[in-house]
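Engineer: Take a look at the following structure, please.
Computed from the coordinates by the stated procedures, all read-outs in this text should not be read as laboratory data. In this text, all values refer to a predicted model and were calculated from it rather than measured experimentally. Heads up, the Cβs are rebuilt from the backbone with ideal geometry, glycines too, and the neighbour counts pull from every protein chain shown.
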Amino acid sequence: MTIDWSAEAAKHKDDYLADLTTMLRVPSFRDDSKATDDAPLGPGPKEALVTFLDIAKRDGFKTKNIDNLVGYAEYGEGDETLAVLAHVDEMPAGNGWDTDPFEPTIKDGKLYARGASDDKGPGMAAYYGLKMVKELGLTLNKKVRFIVGTDEESNWTGMKRYFEVEPAPTLGFSPDAEFPLINGEKGNVSLQVHFGNTDTGDYNLVSFDSGLRENMVPREAVAIVSTDDNEQLAADFTAYLDEQPVIGELTVVPEGVRLEVIGKAAHGMEPRNGINAGTYLATFLNRYAFAGDAQHFIAFIADKLHDDSRVNQLGLAFTDDVMGDLTMNVGLLHFDHQNGGDLTLNFRYPKGIEPETLTKGVMAQLPTGATVSQGSFMVPHYVDPEDPIVKDLMDVYRRQTGDTDSQPEIVGGGTYGRMMKRGVAFGALFPHTEDTMHQANEFQPVDDLMAAMAIYGESIAVLATDK
């Protein structure tokens, strides 16, 4: 039976866009401040999960909701299980959008919305790939489970619960990265650096705030500074902005002078794709006579972290021949007189170096009194390019796109694919498309999403019938 997967996908375009619009209208970033027993990650993730499962029930799939944390749609029978792992949560929208991030808008063939690229757009394209397989009545020799998590952008609570209470899949892929295929993912660990709250200099740091999530390059930073020389500070700030790739504004407020810097958000797996407003603001402030912990906080950012995603200033630069560079994103920055200073540094590390080495290296660079603690971590993940899942998916991608040059890649991002020994990440960002994940004005071209749907349909058919 010869199937024109692109033609099959085209038949579903209107329904796909309608269902995707329904999903994108749900603000589904994790919000622990609104968590309840019934919505343990906040109302948004729960609503998105229930909305997806209702769509799957409508389409005749067997579904299961596990504690409003994770769920799945199931099709077929077999002793082995093929899993497709997507997520329905997203990053906070943040500022800087030209459209409403939760009212999907198509302009010039591009679908704009938070989650359009990461991961509702690709996830629903993969779901429709499974739906096409079901409607075509293909005979499979594996059970297929389309599994959706609700906090991939934070702690993976939902998907971890799935693997605690359900049998592990035999193999699978996550539509949460890029084409042609990701067969390796770096390790992931965050370090929290804490400073005290003393601030006794001629300049006082009343507050400093930057960042939304540790795995996101901060777009905005705001500091309030108390000083007797507002005019000089204003003149210096204007001159600094003229020389740097950021914009900003200075205003007088009751507590002192408010300085705001705006850079560019980006996914924390590659900080070079963004402009970290927090480290630029700290670098400006580092020229002034702050003292105590406030000065230590500012100087550490400016001297050891600013514009150094490869951690040369921390003495931790490391590269693996297969997995590439160790990278670091300064994701969260905060200081006030009550709580002191806190930084969250998110590292993506290749094989050959361990989180303990990173912790010790950062500690060695800290001023007296500052401390560092290590959070939970994920080890590097790698699937041999000769594994049949890699070969089969690459064959489908090449057959449908005609791209015979691209090869499997290793990235700093982390996807659910790493939760399976034979798990990879597969699309849906094409090599020719701009990556706007975690940024304002996130988008995915509609044609790309339709092409991905066709690729996913054939891929599921191949993997679920492969001996």
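Engineer: When averaged across all projection directions, what area in nm² does the alpha-carbon convex hull of the stretch 188-378 cover?
Structural biologist: 10.2 nm²
Engineer: Tell me the relative contact order for the stretch 164-317 as a rounded percent, counting alpha carbon contacts under 8 Å between residues six or more apart.
Structural biologist: Reported relative contact order: 24 percent.
Engineer: Given a Förster distance of 30 angstrom, what is the FRET efficiency for D79 paired with I3, based on the Cβ-Cβ distance and rounded to 0.05?
Structural biologist: Calculated value: 0.75.
Engineer: Return a whole-number percent for the relative contact order of the chain, with Cα pairs under 8 Å and 6 or more residues apart as the contact set.
Structural biologist: Reported as a whole number, the value is 23 percent.
Engineer: How high is the FRET efficiency from K160 to D342, r the C-beta distance, R0 30 Å, rounded to 0.05?
Structural biologist: Efficiency at R0 = 30 Å is approximately 0.75.
Engineer: Å³ per residue of the Cα convex hull, for the stretch 364-448?
Structural biologist: Considering the Cα atoms of the stretch 364-448, their hull volume per residue is 175 Å³.
Engineer: What lysines could a cross-link reach from K13, if we take a straight Cα to Cα line under 21 Å and drop same-chain neighbours fewer than 8 places away?
Structural biologist: Filter leaves K57, K107, K110, K120, K131, K134.
Engineer: Right, something else. Express in nm, to one decimal, how much length is gained between E249 and N230 on full extension, taking 0.36 nm for each residue of separation and deducting their alpha carbon distance.
Structural biologist: Gain in length upon complete extension: 5.5 nm.
Engineer: Return the sequence-ordered ³J(HN,Hα) values of the stretch 82-91 in whole Hz as given by the Karplus equation 6.51 cos²θ - 1.76 cosθ + 1.60 applied to θ = phi - 60°, using x for Gly and Pro.
Structural biologist: Taking θ as phi minus 60°, the curve returns 9, 10, 10, 10, 10, 9, 9, 8, 8, 6 Hz for the stretch 82-91.
Engineer: Separate question: Hey, can you rank 175-181, 26-32 by average C-beta count inside 10 Å, highest first?
Structural biologist: 175-181, 26-32
Engineer: Please give the calculated 222 nm ellipticity per residue for the chain, where each DSSP H segment of at least 4 residues contributes -39500 (n - 2.57) and the sum is spread over every residue; nearest 500 deg cm²/dmol?
Structural biologist: -9000 deg cm²/dmol
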